[in-house]
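Participant: Below is a structure I'd like to ask you about.
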Amino acid sequence: MIVIIGAGISGLTLAYHLEKQKKDYVLLELKSNENQAGGYIRSVREQEYLYELGPNSLLCDHEILSFLEELGISNEIVDANIVSKNRYVYKNGAYRKLPSSPISLLFNSFFNWKTKLKIFGESKVKSKTHAQETLTEFFERRFGREVVDYALDPFVSGIYAGNPDELLVQYTFPSLVEMETQYGSILKGLKKNKSTERKRVVSFKNGMQTLPKAIASKIKITYSEKGVQEINKLDNKKWEIVTDEATYQASKVVLTTTAHQSAPFFIKSNPKFGESLQKIAYAPMVAVHTIYYKNDLKMPLNGFGALHPSKEGLFSLGHVWSSSVFSGRCKDNEVLFTTFVGGSRGYEKTRMEDHQIMGKVQKELRELYGIQTLPVTQRIFRWEKAIPQYDKYIAESYEIAESLEKQNLYICASWKGGVSIPDCMKKAKTLAEKL
């Protein structure tokens with residue numbers, strides 16, 4: 001029997017593929033999450049308004065689209081509007097459109113000429129990656145400081161809510177390290193590995209939670225009040241999983257829970273692993289949803305949204321222009337901003353009271369978009385531990401996890417091998433085939 005712990009997108013996807021293979025499995029989840037399958041993927045519908053509390057969209061290739069069709073939710077897909085291909089970054093007091101191609105990079109004024117020459121000459125930079133090299137060190141070495149400040153920094157904030165000075169390139173973007181090693185250049189590597197497949201950015205008519213709900217409807221989940229209490233290795237080479245309601249013996253165990261949720265399972269049986277998991281940091285995040293009338297804005301929202309480099313000192317990490325990306329998020333005469341506050345460099349902001357955060361967000365929106373009125377409505381949602389940080393503290397957990405795989409205990413969680421929804425789904429499918 002295979003025991004899967006955690007019914008987030010990884011656990012659900014893994015269970016689905018095991019179900020298809022007719023494998024014997026048990027998927028364990030807390031009873032408090034019985035109506036919230038999908039972990040951090042949550043959507044809330046309030047009359048005409050649709051709020052995403054976690055991920056706002058799904059980047060689909062053919063494999064993911066085929067899976068959605070298999071689940072029977074293709075008719076629920078909403079494609080991102082064409083304007084969402086435009087991405088903006090706040091620089092020197094204004095929003096500037098990021099160049100999206102070599103031609104636009106050449107003629108766009110986003111980067112200065114010194115930086116452009118550094119980028120186009122990247123193939124001449126010597127390769128010298130080391131195990132503890134941070135994203136900042138890697139990108140500054142290959143592309144220069146301006147790319148770090150105004151491309152890497154906001155990009156990392158948008159994906160990891162993290163600090164590029166802390167995150168290690170070998171864990172965060174291992175493919176870039178491979179390209180440097182194999183081709184001696186990131187640009188050469190990207191060109192060699194360029195896919196002809198066109199990917200789609202999608203959501204669903206009733207939000208992102210449509211996906212985990214669809215998967216959950218096709219599998220069996222076992223709920224308990226307090227969940228897993230401990231995991232022990234037995235003399236017969238099996239694993240013992242103890243919950244508050246039952247004890248299971250399994251030939252294989254898969255952890256899909258967060259590092260801090262998993263750590264207590266090993267306090268008795270493998271304290272070194274438990275302690276290493278506790279060291280993995282998770283960035284806190286606050287999502288603020290703010291709705292205004294379109295006529296209240298002094299600028300059009302023709303894009304996916306805008307990111308704020310830390311160097312610019314703004315309150316939030318950035319705004320997703322949710323109603324510009326997908327239709328059906330608010331009324332036609334309104335706009336919906338989804339603002340992200342906090343991250344690994346903004347712990348103190350996440351400790352503020354709700355009304356303080358919402359007030360700060362309103363002030364920022366007024367100043368950036370020329371708004372002079374109060375919002376139609378505003379909502380706030382908090383994640384105390386949102387996104388794992390692939391920093392120096394994660395290395396020990398990786399090493400122990402790899403040794404435990406030889407004993408049939410596997411990790412299929414966002415803290416190992418990628419944090420995005422497609423990453424988690426593909427890892428789960430691959431592991432299901434392995435099991």
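Please treat every number below as a calculation from the coordinates, not as lab data. Remember, it's a predicted structure, so these values are computed and weren't measured experimentally. Every residue, glycine as well, gets a Cβ built from its backbone with ideal geometry; the counts of neighbours run over all protein chains shown.
Participant: Rounded to the nearest 500, what is the chain's calculated 222 nm mean residue ellipticity when only DSSP H runs of at least 4 contribute -39500 (n - 2.57) each, over all residues? Please list the in-between numbers first.
Facilitator: On the way: 17 runs with 144 residues, N = 435.
Dividing the helical sum by the residues of the chain leaves -9000 deg cm²/dmol.
Participant: Okay, which of region 32-49 sit inside 17 Å, backbone N to the point 7 Å along the Cα-Cβ direction of LYS205?
Facilitator: Residues passing the 17 Å test: 44-49.
Participant: Pull up the DSSP beta bridges for the chain and report the antiparallel fraction as a percent, rounded to 5. Walk me through the numbers before you get to the answer.
Facilitator: Numbers: 49 of 67 bridges.
For the chain, the DSSP antiparallel bridge percentage is about 75.
Participant: Mean separation of Cα pairs under 8 Å and 6+ residues apart, divided by the residue count of region 100-192: what relative contact order is that in percent? Mind showing how you got there, number by number?
Facilitator: Values: 86 pairs, mean separation 27.8, N = 93.
For region 100-192, the relative contact order is 30 percent.
Participant: Separate question: When a/c is below 1.5 the answer is rounded, else prolate if a/b is larger than b/c, else oblate, so apply that to region 146-272 with a ≥ b ≥ c taken from the square roots of the Cα gyration tensor eigenvalues. All intermediate terms of the calculation are to be shown ahead of the outcome.
Facilitator: Details: a/c = 2.30, a/b = 1.69, b/c = 1.36.
It is prolate, given that a/c is not under 1.5 and a/b is the larger ratio.
Participant: Under a point spin-label approximation (7 Å from Cα along Cα-to-Cβ), what is the GLU367-SER420 distance to one decimal in nm?
Facilitator: Simple spin-label model gives 3.2 nm for this pair.
Participant: Scan around GLY54 for amide H atoms under 5 Å from its own, H built in the peptide plane at 1.01 Å from N, and keep only partners 5 or more places away or cross-chain.
Facilitator: When sequence neighbours closer than 5 places are left aside, the close amide H contacts are ARG42.
Participant: Pick from THR222, THR290, THR134: which is most flexible by mean-square fluctuation in a GNM of the chain where alpha carbon atoms under 10 Å apart are linked?
Facilitator: Fluctuation is largest for THR222.
Participant: Once amide H atoms are placed 1.01 Å from N in the peptide plane, what residues at a sequence separation of 5 or more from THR377, or on another chain, have their amide H within under 5 Å of its amide H?
Facilitator: When sequence neighbours closer than 5 places are left aside, the close amide H contacts are ILE291.
Participant: Here is a further query. Residue separation times 0.36 nm, minus the C-alpha to C-alpha distance between GLU48 and LEU374: what's the value?
Facilitator: In short, 115.5 nm is gained.
Participant: Filter the cross-link list LYS392/LYS416; LYS237/LYS406; LYS116/LYS392; LYS128/LYS279; LYS237/LYS416 down to pairs whose alpha-carbon distance in this structure exceeds 20 Å.
Facilitator: On the way: LYS392/LYS416 13 Å; LYS237/LYS406 11 Å; LYS116/LYS392 31 Å; LYS128/LYS279 28 Å; LYS237/LYS416 25 Å.
Pairs exceeding the cut-off: LYS116/LYS392; LYS128/LYS279; LYS237/LYS416.
Participant: Another one. Starting from the Cα of LEU106, step 7 Å along the direction of its Cβ; do the same at PHE315; then give the gap between the two resulting points in nm.
Facilitator: It is 4.3 nm.
Participant: Anyone know which of LEU307, LEU365, LEU12 comes out most mobile in the 10 Å Cα GNM of the chain?
Facilitator: Top of the fluctuation ranking is LEU365.
Participant: Let me ask something additional. Can you give the extra length, in nm with one decimal, that the chain gains between ASN193 and SER175 once fully stretched, where that is 0.36 nm per residue apart less the Cα-Cα distance? Provide the component values of the computation, followed by the final result.
Facilitator: Values: separation 18, 0.36 × 18 = 6.48 nm, distance 1.04 nm.
Full-extension gain reported as 5.4 nm.
Participant: Where does each of 418-424, 175-181, 205-211 land if you order them by average Cβ count within 10 Å, highest first?
Facilitator: Details: 418-424: 19.1, 175-181: 16.9, 205-211: 21.4.
Highest-to-lowest ranking by the protection proxy: 205-211, 418-424, 175-181.
Participant: Then there is this: May I ask which of LYS298/LYS349; LYS85/LYS385; LYS23/LYS218; LYS268/LYS385 have a Cα-Cα span longer than 19 Å here?
Facilitator: Check vs 19 Å cut-off fails for LYS298/LYS349; LYS85/LYS385; LYS268/LYS385.
Participant: Suppose a student asked you for the relative contact order of the chain, using Cα pairs under 8 Å spaced at least 6 residues apart; what percent would you report? The partial results should precede the final answer.
Facilitator: Details: 825 pairs, mean separation 103.3, N = 435.
After rounding, I find 24 percent.
Participant: Return the long-range amide H neighbours of TYR25 (sequence gap of 5 or more, or a different chain), with a cut-off of under 5 Å between placed amide H atoms.
Facilitator: ILE2
Participant: Looking at the chain as a GNM with Cα springs under 10 Å, which of GLN36, GLN407, GLN21 has the largest mean-square fluctuation?
Facilitator: GLN21
Participant: Put a dot 7 Å past each Cα toward the Cβ at LYS20 and GLN407; how far apart are the dots in nm?
Facilitator: Simple spin-label model gives 3.2 nm for this pair.
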